[in-house]
Amino acid sequence: MRRIPTGSSGGATGWWRAAAIYQIYVRSFADADGDGTGDLAGVRERLPWLAALGIDAVWLTPFYDSPMADGGYDVADYRAVDPRFGTLADFDRMLATAHGLGLRVIVDIVPNHTSSEHRWFAEALEAGPGSAARKRYIFRDGRGPDGAEPPNDWPSIFGGRAWTRLRRPDGTPEEWYLHLFDPAQPDLNWDNPEVRAEFEDVLRFWLDRGVDGFRIDVAHGLVKPEGLPDMPKGYELSRPDNREMRRPYFDQDGVHEIYRQWRRILDSYPGERVAVAEAKAATPARAALYLRPDELHQAFNFDYLGAPWQAPVLRRIIDASLQANASVDAPTTWALSNHDVVRQVTRFGGGEPGLRRARAAALLTLALPGAVYLYQGEELGLPEVLDLPEEVLEDPAWERSGRTDRGRDGCRVPLPWEGPTAPFGFGPVGTKPWLPVPEGWRRLSREVQASTPGSTLELYTTALRLRRELPALGAGTGGIDWLSDPAADVLTFARSPGFACVVNFGAMPIRPPLAGEPLLSSAPVAAEDDGSIRVPPDTAVWLRAAAAA
Ligand code: NOJ
């Protein structure tokens, strides 16, 4: 049995620096009890598959007690498992199985907001203005005569305004409360020491149960600016790609003290417990601040995740990320998708061309130095489901946007595992999943792909194995050496010892600028009479490259 490695003296291995971490969106992974929602027992049953895929750790999205107004990112009790997902005993069994298979387990923590059904929020409503219970959240009087205008003009991320006004039982209006997301997700007041103490205790609760780390939801949002100022002038006109970061409530300097304290807690436990931040910042340099040696271990690389399929853009992002993270001696992370974005097959063009690019992108990603996050189903090449019937849509963005934004359900459709009919083994026979699984996904099921040479599942499994075996890959010993021109339609880089990756983004086949034996390619490559190869369009090749040693 594979065991979790420790350093020779049982000390630090820095396992997280090069780990391949697989994101399990629990609702849609595997449903053991057939109620239509994935659960922890389902995760446990399928863990051997993930071990065979060759990953090092899993990150589980929230499975805590929740009314599910935002898929579980609205937590009503941070120490309880929602009955839909199982029990604490199911969690413990799942964790033990994962550890037995050599897989580490990272759980989600949602500190920016609670559910409106959290005990604290009920107490705040009950206790009324000025009470200690209200000071755990952000309540304010409104502006204007009668306080009928919200305290400021902040928009909610899900559409509409970020404030909701309370009413007394007799209908009289009173204070407003802040919710950067849905009204069912009131923002906590992180200036209140009681809030800080509570989350430190929640961290310890899960660390004591044996989790290997945390993914921190909206890590950049906890601390709000003094005086809650209005949005900057011209905000709506700013470029969409940096508009989000101009919101005054993101990436305030005050968040760092919170993470320094969390790091002290993580370090007080044996076994290298880690934290990865969902931290959005305006520049790679600002994002790197979360990764100073006394703060968090990793942060998601949203610039890479959101990049178009264009070599010069990707190269700029790769260089900027590596450089910023090197400045704080932190590994870079790479991901192509998660449960909040359109799946890469669709983002990169859809259909066969999209799949072809997504496969090439996977080899590019897995060849870069640092840790990699994989989102469930990308190893099967799943596309976004664009035609979910309106009546099944659950993402709050759908209603909050006045039914103009269909939201993120299309990347959350349950996984196809095996069998001839939908939902393809997601649950026991007869299970009606919370989102319908397309009939056409039979050919994408894990079972079919496991016996199909050249399948996307085979590509990922082989790439993950080579990534572990080849000393140049994973964290590697050095950075990357570019062998292609920055403006070219190709990315070629070498990593020492003896490895090169060539990705052709152009319309014509190319000949790699160095000789080498192909180890793996995302599509078949043709060999010429002289032994050299041609890399076709939208294809990545890994080479054993003598010249790069
Ligand atoms: C980020 C999570 O990934 C997303 O799914 C959620 O809606 C928001 N944070 C709010 O918690």
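Quick notes on this structure:
- Axis of helix 255-267 versus longest Cα principal axis of the chain: the two differ by about 70°, to the nearest ten degrees.
- Note on the chain: the C-alpha convex hull projects to 26.3 nm² when averaged across all orientations.
- Structural descriptor for the chain: relative contact order 13 percent, calculated from alpha carbon pairs under 8 angstrom and at least 6 residues apart.
- The charge dipole of segment 220-321, taken about its Cα centre with unit charges on the Cβ of Lys, Arg, Asp and Glu (plus for the first two, minus for the last two), comes to roughly 160 debye.
- Among GLY213, HIS256, TYR235 - extreme Cα towards positive end, dipole of segment 180-263, charges at beta-carbon: TYR235
- 14 Å beta-carbon shell around GLU226, net charge (K/R +1, D/E -1): -1
- Karplus (6.51, -1.76, 1.60) ³J(HN,Hα), θ = phi - 60°, over segment 115-125, in Hz, Gly and Pro reported as x: 6, 5, 9, 5, 3, 4, 6, 4, 5, 5, 5
- DSSP assigns beta bridges within the chain; of those with both partners inside it, close to 55 percent run antiparallel.
- For segment 22-120, the dipole from Cβ point charges (+1 on Lys and Arg, -1 on Asp and Glu) about the Cα centre works out to 300 debye, to the nearest 20.
- Exposure proxy order (Cβ contacts within 10 Å, fewest to most) of MET508, MET94, MET68: MET508, MET68, MET94
- Residue separation of ARG93 and MET245 scaled by 0.36 nm, minus their Cα-Cα distance, works out to 50.7 nm of gained length.
- Placing unit charges on each Cβ (+1 for Lys and Arg, -1 for Asp and Glu) gives the chain a dipole about its Cα centre, and among LEU305, LEU289, TRP15 the Cα reaching farthest toward its positive end belongs to TRP15.
- Label zone at THR13, where the point sits 7 Å out along the Cα-to-Cβ direction: segment 50-65 residues whose backbone N lies under 11 Å: 56-57
- For segment 66-177, a crude dipole built from +1 on the beta carbon of Lys and Arg and -1 on the beta carbon of Asp and Glu, taken about the Cα centre, is about 220 debye to the nearest 20.
- Applied to segment 290-296, the Karplus parametrisation 6.51 cos²θ - 1.76 cosθ + 1.60 on θ = phi - 60° returns per-residue 3J(HN,Hα) values of 5, 10, 4, x, 9, 10, 9 Hz, with x for Gly and Pro.
- Note on the chain: dipole from Cβ charges, positive end direction compared against PRO111, LEU382, THR461; the farthest Cα belongs to THR461.
- For ILE138, ILE55, order by how many other beta-carbon atoms lie within 10 Å, fewest first: ILE55, ILE138
- Cα gyration tensor, segment 331-462 - rounded (a/c under 1.5), prolate or oblate: oblate
- Ordered from longest to shortest, the equivalent ellipsoid semi-axes for segment 415-461 are 21, 9, 9 Å, each the square root of 5 times a Cα gyration tensor eigenvalue.
- Spin-label model, ASP294 to SER268: label points 7 Å out along the Cα-to-beta-carbon direction sit 1.6 nm apart.
- Label zone at MET508, where the point sits 7 Å out along the Cα-to-Cβ direction: segment 478-496 residues whose backbone N lies under 17 Å: 485, 487-491
- Ranking of VAL502, VAL58 by count of other Cβ atoms within 10 Å, fewest first: VAL58, VAL502
- Helix axis angle, 193-209 relative to the chain longest principal axis, alpha carbon, degrees: 40
- On the beta carbon distance between ASP329 and LEU101, with R0 = 22 Å, the FRET formula returns roughly 0.10.
- Cα→Cβ-extended label distance, 7 Å offset, between ASP170 and GLU517, nm: 8.6
- Contour excess over end-to-end distance, with Cα ends at THR283 and ARG204 and 0.36 nm allotted per residue: 25.3 nm
- A simple spin-label model places the labels of ASP253 and ALA80 4.1 nm from each other, with each point 7 Å out along Cα-to-Cβ.
Each reported figure results from applying straightforward, stated rules to the coordinates on display, with no laboratory input. All figures in this text were calculated on a predicted structure; none of them were measured in a lab. Quick reminder, even Gly has a Cβ in these numbers, built from the backbone with ideal geometry, and neighbours come from all protein chains shown.
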